[in-house]
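**Student:** One structure, as structure tokens, below. Some questions next.
The values are calculated or read from the model by the stated rules, or taken from the named source; none is laboratory data. Note that the structure is a prediction, hence the values are computed from the model and not measured. Please note: Cβ atoms are built from the backbone with ideal geometry, for glycine as well, and neighbour counts cover all protein chains shown. Each accessible area value is taken on the protein alone, full model and side chains, heavy atoms only, with ligands, DNA and RNA left out. Shrake-Rupley method; radii C 1.70, N 1.55, O 1.52, S 1.80 Å.
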Amino acid sequence: MPLQIRKCKEHETPPMELLLLADPSLDIVEEYVGRGSSYIAELDQQPIGVYVLLPTRPGTVELVNVAVAEEHHGKGFGKQLVLDAVQEAAKRGCQTLEVGTGNSSVSQLALYQKCGFRIVGVDQDFFIRHYSEKIMENGIHCRDMIRLSQDL
Ligand code: COA
């Protein structure tokens, strides 16, 4: 059964446990879901992945909260989600898709670049300013937000 990716229905709550895999802050996740459009990836009608497209500036959307359930990591679903987000943003007529990830998120940086994003900037100490708890990943202190972008 192939992965089915669909837009969340109007009053449907996207799976929070998946969204929280990509961001430890419930407040930030709820804000993104409220402002953006959520997409759900299902296998046999069970949600196993999510992403949110967040309008930021005219012609620009940001991809936030891409996540795949841990038991399904490494099967290509994350890449399918990111490529679906690129197509969805283009279908909406957007010119630019942006994404951001921590300096410690080594595999996410690989994934986004494999899906056509290029690094355009670094927001130094973003995670120090916006998160109260220290984030460690791959033995690296997550401090800076790496900003990536692609023209659609
Ligand atoms: N070097 C090179 N390539 C790497 C890599 C590394 N260190 N780590 C991962 N990749 C590549 C994989 O090889 C694959 O590319 P390929 O298909 O060309 O081989 C690609 O990155 C992603 O693999 P995929 O199986 O599609 O990813 P996934 O289904 O495991 O999902 C995440 C990736 C990030 C969505 C998943 O790990 C997740 O949900 N993480 C928790 C939430 C999260 O961190 N979200 C992102 C917030 S910024």
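**Student:** Grab the other residues whose beta carbon is less than 15 angstrom from that of residue 87, score K and R as +1, D and E as -1, and report the net.
**Tutor:** After counting each charged neighbour, the total is +2.
**Student:** Going 7 Å from the Cα of residue 151 toward and past its Cβ, which residues in segment 95-118 have a backbone nitrogen under 16 Å from where you end up?
**Tutor:** 95-98, 116-118
**Student:** Taking Cα pairs under 8 Å and at least six residues apart, what relative contact order does the chain come out at, in percent?
**Tutor:** Rounded, it is 19 percent for the chain.
**Student:** Going highest first, how would you order 126-133, 85-92 by mean Cβ packing within 10 Å?
**Tutor:** Per-residue Cβ counts within 10 Å, averaged per peptide and sorted highest first, yield 85-92, 126-133.
**Student:** Rounded to the nearest percent, how much of the accessible area of segment 29-113 (1.4 Å probe, protein heavy atoms only) is carbon and sulfur?
**Tutor:** Ligands and nucleic acids excluded, carbon and sulfur give 47 percent.
**Student:** If Lys and Arg each add +1 and Asp and Glu each add -1, what is the summed charge of the other residues whose beta carbon sits under 11 Å from the beta carbon of residue 63?
**Tutor:** Value of the local net charge: -4.
**Student:** Points 7 angstrom from Cα along the Cβ direction at residue 56 and residue 1: gap in nanometres?
**Tutor:** Going by the 7 Å Cα→Cβ label model, 3.6 nm.
**Student:** Extent of the chain along each principal axis, from alpha carbon coordinates, in Å, largest to smallest?
**Tutor:** Largest first, the chain extends 39, 34, 29 Å along its Cα principal axes.
**Student:** Taking a probe of 1.4 Å, how large is the accessible area per residue of the chain, in Å²?
**Tutor:** Result: 56 Å² per residue.
**Student:** Sort the following peptides by mean Cβ neighbour count (other Cβ atoms within 10 Å, averaged over residues), highest first: 37-49, 7-19, 93-105.
**Tutor:** So the peptides 37-49, 7-19, 93-105, ranked by packing, come out 93-105, 37-49, 7-19.
**Student:** What number of lysine-lysine pairs in the chain show an alpha-carbon separation below 29 angstrom, given a sequence spacing of 8 or more or placement on distinct chains?
**Tutor:** Eligible lysine pairs with Cα atoms under 29 Å apart amount to 14.
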